[in-house]
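**Student:** Attaching a single structure in structure tokens format; questions to follow.
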Amino acid sequence: MEENIPNPELLTAQLLAAEEILEEEEFHHLNNPAEGIKPIVKKYLGIPNHVEQIDNRFYFTDGDANVEVVVVTKTIIRVRLAPHSVFLEEFSYAVPELPQEAVEYSLFEDETEFRVSTELVNCHIRKQDFHISFSDNTGHVTSTDATPMHWEENVKFGGYYVFCTKECHNEESFFGLGDKATDFNLRGKRLKNWNTDAYSFNWNQDPLYRSIPFYISVNEGIAHGIFFDNTFKAHFDFGAEDATKTSFWADGGELQYYYIHGPHMMDVVKNYHILTGKHPMPPRWALGYHQCRWSYYPENKVRVIANGFRQNKIPCDGIYLDIDYMDGYRCFTWNRKYFPDPKKMISDLAANGFKTVVIIDPGIRVDDNYAVFKEGKENRYFCRRCDDYFMEGHVWPGRCQFPDFTNPEVRNWWGNLFDELVDYGVAGVWNDMNEPAVFGSGTFPDDVRHQYDGYRGSHRKAHNVYGMQMVRATYEGLRKQMKNKRPFTITRAGYAGVQRYSSVWTGDNVASWEHLRLGNIQLQRLSISGISFCGTDIGGFSGEPDGELFTRWIQLGSFSPFMRAHSAGDTKEREPWSFGEPFTSINRKFIELRYRLIPYLYSAFWEHYRYGFPILRPLVMHEQSEMANHFRQDEFTFGDKILVCPVLNPGQQSRNVYLPKGKWYDFWTLEMVDGGRELAVQTPLDIMPIFVKAGSVIPEYPVMQYTGEKDIEEVKLNIYYSDSDVRSFLFEDYGETFAYEQDIYLEKKFLVNGTADSLTIQQSMEGLYTPRYEGYHLKLNGLPFKPAKIIADGTEVKDIVFNKDKTYEFKFRKNFKKIEIFR
Ligand code: GLC
């Protein structure tokens, strides 16, 4: 029944400032009410007749309902509706606190409208009908209500179903919403947010594991974002039912959204990060390759796999223990038959360069002989139904109860449970099944109560944040117990803001080419939806990939911020060497490339953390005015310098690549190519097309079998000639502590600029960290002349290597300020 929820707009047609009695049948679509519930009244905002200002908050009323407009920053305005004047207390898991920015604003009124303005955006409240619209400081209107905001009373639970409907324009495109399993451009789609365990999901299946109620619109080359901060089941319609309307609505909570102005998509994403937070710097090892499987056990198997990496000389940093390491799947226990001495095993693995990551699920087995259950029971930490019965359900351990992670006391308890695992040397924790998933029923019933950090609610309100609060408890607990070391966490479920606590993976995908294509889109989408640290199960979780599919997935995975292969228990062995040659060698080549690029990726994380940039950037983000780019969904840049064009079809020997305007270098051949066009590129199995933006400085580490295997003696800087100014970053620090929060880091900026006869590289630095290595190994690519003289900080460099492929190499000290290369 729920699947047929009609667009609120079509239900309500032209009714303005009026009340409508819905037919009982229509109402059923929206509420699925219990027997005997009367039809309800649907209400619209009336005529705004009064405004009151308290600092940066403006309250408009029609005499009954109240609308709050808050100037959050110069480019972010929040709108909130109180159907009968009373707002809920302000609390959000996504936005712990509004940004504190001194901003000027003003209120203006004439016969037709009220207008709240900052120097960059205006929020217009139309007097005739309470339509709310937004424009920029040139008067260009970016977003307009198609009807006034409206609501319907929820007779069963109290509160309201809340609706907002905006105009949708002919060429308007929509992006975002997290990990939706559909085309990148969401135009014409209707989607729902309700965290769901979606084993082996299909293309277009919705909803999936996460709920990120944030989308970006691009219309006439101008972008804006809407962040509908509502944790209830929420719906989005991007011109699906009526091509002229975009709607979003939820089954409860407040109609509260942030309008985030562009004009560029990048501005929108950066500002979304300002609201919901960024991923903290990950431990550097977590950027390496991770190997997972359901499950590696007993202990000897784990050791065999670890040794397999070292014997095959395939780099790897992380090895995972899935549910079978536990005693009867009881969290925080060990199966001592399989793992007699976990501390010793973990320490041996660590000596061999492996970090151990263990899975922890939310279901706690009902068992009075199990300490975690007993403590939770005694302290009343488990979720209860509305009449105080325990919420019970079956998951891996059998009959379970579930901690209420929306209770800060429970989160604290949970965090402390990791002390033994941390003592054993566990470096990371994987939170799964936290949608929350329950066998049979899918998830908890609606009436389950949650403490919700003191703001109380049923599961309808807490469902979508349950997983996020679980991984928050995990992350905060680990952070405390690991002292000053950065914990690694990964979660399956999440809500907007989950990036502050965890990385995510896209859940139980399938070993198919379609899923390779889908994963490629999902990761780009997550990245522009606040979740930059993301990856797919490389190879596909269920089903069997052949060598070709696995290798193409490793190629894409080498450019996923999180890189992990994982597979279900009923599949064949799935390590990078499992498919024999030529696959093993090609997999090695790409995993090695990943390791070479770790300083580049680590710097991209820094740019995310410090400046709010997403790590994967879809083509539309590079050229949003280019309409064709709104539909080009299979290429992206990794950071802002490396364009990746994965090969997504079996037997594919070539593919078309679109290069954004400007000059690019083919990473493999070093040939310079002009962008702003498509070109065909050969794609034999050992090649995935990669292009580097002219002017880039790409830092590189020597290949190691795991991060930190050897001290870095010098950093290689790959410099790609350009005739215009291009800036690059290199971020360095200890790689595993939080010292960067106290400015113990080094942020280097390179500025590259060339002419027909020269190339200049300038370096500037900020921060207090001093790397141990002394020098750089510089490699010049694409120089249009043979260098006759190189002057570095005033002295001439003598030892230049002239390579046959017209690249040139030399070494110099790491603190240089300026290097000039002359014809
Ligand atoms: C779920 C997870 C999967 C894991 C399995 C067993 O299906 O998504 O990654 O391997 O549970 O724990």
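The values are calculated or read from the model by the stated rules, or taken from the named source; none is laboratory data. As the structure is a computational prediction, the values presented were derived from the model and not from experiment. With ideal geometry, Cβ positions are generated from the backbone for all residues, glycine too; neighbour counts draw on all protein chains shown.
**Student:** How about region 388-426: which of its residues are among the small types (Gly, Ala, Ser) and within 16 Å of the ligand (Cβ to nearest atom)? Give the derivation first.
**Tutor:** Taking region 388-426 and keeping what is among the small types (Gly, Ala, Ser), we get 393, 398, 415, 425.
Across region 388-426, the qualifying residues are 393, 398.
**Student:** Oh, and also: All but one of (1) more than 28 Å from residue 392 (Cβ to Cβ); (2) touching a residue at least 12 places away in the same chain (Cβ under 8 Å) hold for residue 459, so report the exception by its number.
**Tutor:** (1)
**Student:** Scan region 238-258 for residues that are touching a helix residue (DSSP H, G or I) at 6+ places or on another chain (Cβ under 8 Å) and assigned to a strand (DSSP E or B) and jot them down.
**Tutor:** Of the residues in region 238-258, the ones touching a helix residue (DSSP H, G or I) at 6+ places or on another chain (Cβ under 8 Å) are 241-242, 245, 247, 249, 251-253, 258.
Correct list: 245, 247, 249, 258.
**Student:** Then there's this: Looking at (1) of a type in the set (Val, Ile, Thr); (2) touching a helix residue (DSSP H, G or I) at 6+ places or on another chain (Cβ under 9 Å); (3) in a loop (DSSP other than H, G, I, E, B), which one does residue 196 not meet, given that it meets all the others?
**Tutor:** Only one criterion in (1) of a type in the set (Val, Ile, Thr); (2) touching a helix residue (DSSP H, G or I) at 6+ places or on another chain (Cβ under 9 Å); (3) in a loop (DSSP other than H, G, I, E, B) is unmet by residue 196, namely (2).
**Student:** A follow-up question, please. Within region 545-569, track down each residue that is within 16 Å of the ligand (Cβ to nearest atom) and under 17 Å from residue 305 (Cβ atoms).
**Tutor:** Scanning region 545-569 gives 563, 564, 565, 566, 567, 568, 569.
**Student:** Does region 693-721 hold any residues that are assigned to a loop (DSSP other than H, G, I, E, B), within 25 Å of residue 317 (Cβ to Cβ) and not acidic (Asp, Glu), and which are they?
**Tutor:** Residues satisfying the conditions are 701, 702, 703, 704, 705, 706, 707, 708, 710, 712.
**Student:** Let me ask another. From the list 129, 145, 110, exactly one residue is in contact with an Asp or Glu (Cβ under 9 Å, 6 or more places away or on another chain), over 30 Å from residue 501 (Cβ atoms) and either hydrophobic (A, V, I, L, M, F, W, C) or free of Cβ contacts under 8 Å to residues at least 40 places away in the same chain (or both). Which is it? Even if it seems obvious, please write down each step before you answer.
**Tutor:** Working: 129 fails: either hydrophobic (A, V, I, L, M, F, W, C) or free of Cβ contacts under 8 Å to residues at least 40 places away in the same chain (or both); 110 fails: in contact with an Asp or Glu (Cβ under 9 Å, 6 or more places away or on another chain).
Just a single option satisfies the conditions, and that option is 145.
**Student:** Follow-up question, since we're still on this one. Being surrounded by 21 or more Cβ atoms within 10 Å (Cβ to Cβ) and either β-branched (Val, Ile, Thr) or within 26 Å of residue 282 (Cα to Cα) (or both) is the filter; apply it to region 576-589 and report the residue that is farthest from the chain's Cα centre (by Cα).
**Tutor:** 586
**Student:** Could I ask something else about it? Considering only region 427-462, state which residues are of a type in the set (A, V, I, L, M) and within 16 Å of the ligand (Cβ to nearest atom).
**Tutor:** Our first condition is that a residue be of a type in the set (A, V, I, L, M); within region 427-462, this holds for 427, 429, 433, 437-438, 448, 462.
Passing the criteria: 429, 433, 437, 438.
**Student:** Could you list, in sequence order, all residues of region 106-117 that are under 15 Å from residue 68 (Cα atoms) and either among the aromatic types (Phe, Trp, Tyr) or not assigned by TED's automatic domain parsing to the domain that holds residue 138 (or both)?
**Tutor:** If the condition is that a residue be under 15 Å from residue 68 (Cα atoms) and either among the aromatic types (Phe, Trp, Tyr) or not assigned by TED's automatic domain parsing to the domain that holds residue 138 (or both), then 114 is the only one that fits.
**Student:** Follow-up. Are there any pairs with C-beta distances below 7 angstrom linking a residue in region 529-555 that is of a type in the set (Asp, Glu) to a residue that is more than 16 Å from the ligand (Cβ to nearest atom), with the two at least 6 apart or on different chains, and if so which?
**Tutor:** Qualifying pairs under 7 Å: 548/650; 548/685.
**Student:** While we're looking at this one, here's another question. Sort out which residues of region 259-292 are under 26 Å from residue 706 (Cβ atoms), of a type in the set (Gly, Ala, Ser) and in a loop (DSSP other than H, G, I, E, B), and write them in order of number.
**Tutor:** The one that is under 26 Å from residue 706 (Cβ atoms), of a type in the set (Gly, Ala, Ser) and in a loop (DSSP other than H, G, I, E, B): 288.
**Student:** For region 774-803, which positions are over 20 Å from residue 701 (Cα atoms), not aromatic (Phe, Trp, Tyr) and not in a loop (DSSP other than H, G, I, E, B)?
**Tutor:** Within region 774-803, 789, 790, 791, 792, 795, 796 qualify.
**Student:** I've got another one for you. Identify all residues within region 747-776 that are crowded, with 18+ Cβ neighbours inside 10 Å and within 20 Å of residue 284 (Cβ to Cβ); write none if there are none.
**Tutor:** 747, 748, 776 - these are the residues of region 747-776 that are crowded, with 18+ Cβ neighbours inside 10 Å and within 20 Å of residue 284 (Cβ to Cβ).
**Student:** Could we say that residue 742 is farther than 14 Å from residue 781 by Cα and buried (at least 18 other Cβ atoms within 10 Å of the Cβ) here?
**Tutor:** Judged against the criteria, residue 742 is not a match.
**Student:** If you check residue 580 against the conditions, is it in contact with a helix residue (DSSP H, G or I) (Cβ under 6 Å, 6 or more places away or on another chain), part of a loop (DSSP other than H, G, I, E, B), touching a residue at least 12 places away in the same chain (Cβ under 8 Å) and not aliphatic (A, V, I, L, M)?
**Tutor:** No; evaluated as a whole, the condition is false for this residue.
Conditions tested, residue by residue: (1) within 16 Å of the ligand (Cβ to nearest atom); (2) surrounded by fewer than 24 Cβ atoms within 10 Å (Cβ to Cβ).
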| residue | (1), (2) |
| --- | --- |
| 491 | yes, no |
| 499 | no, no |
| 502 | yes, no |
| 521 | no, yes |
| 525 | no, no |
| 571 | yes, yes |
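**Student:** Let me ask something else. Using the structure shown, decide if residue 507 is within 16 Å of the ligand (Cβ to nearest atom), at pLDDT 95 or above, buried (at least 24 other Cβ atoms within 10 Å of the Cβ) and farther than 24 Å from residue 637 by Cβ.
**Tutor:** Values: within 16 Å of the ligand (Cβ to nearest atom): yes; at pLDDT 95 or above: yes; buried (at least 24 other Cβ atoms within 10 Å of the Cβ): yes; farther than 24 Å from residue 637 by Cβ: yes.
Here the answer is yes, as residue 507 does meet what is asked.
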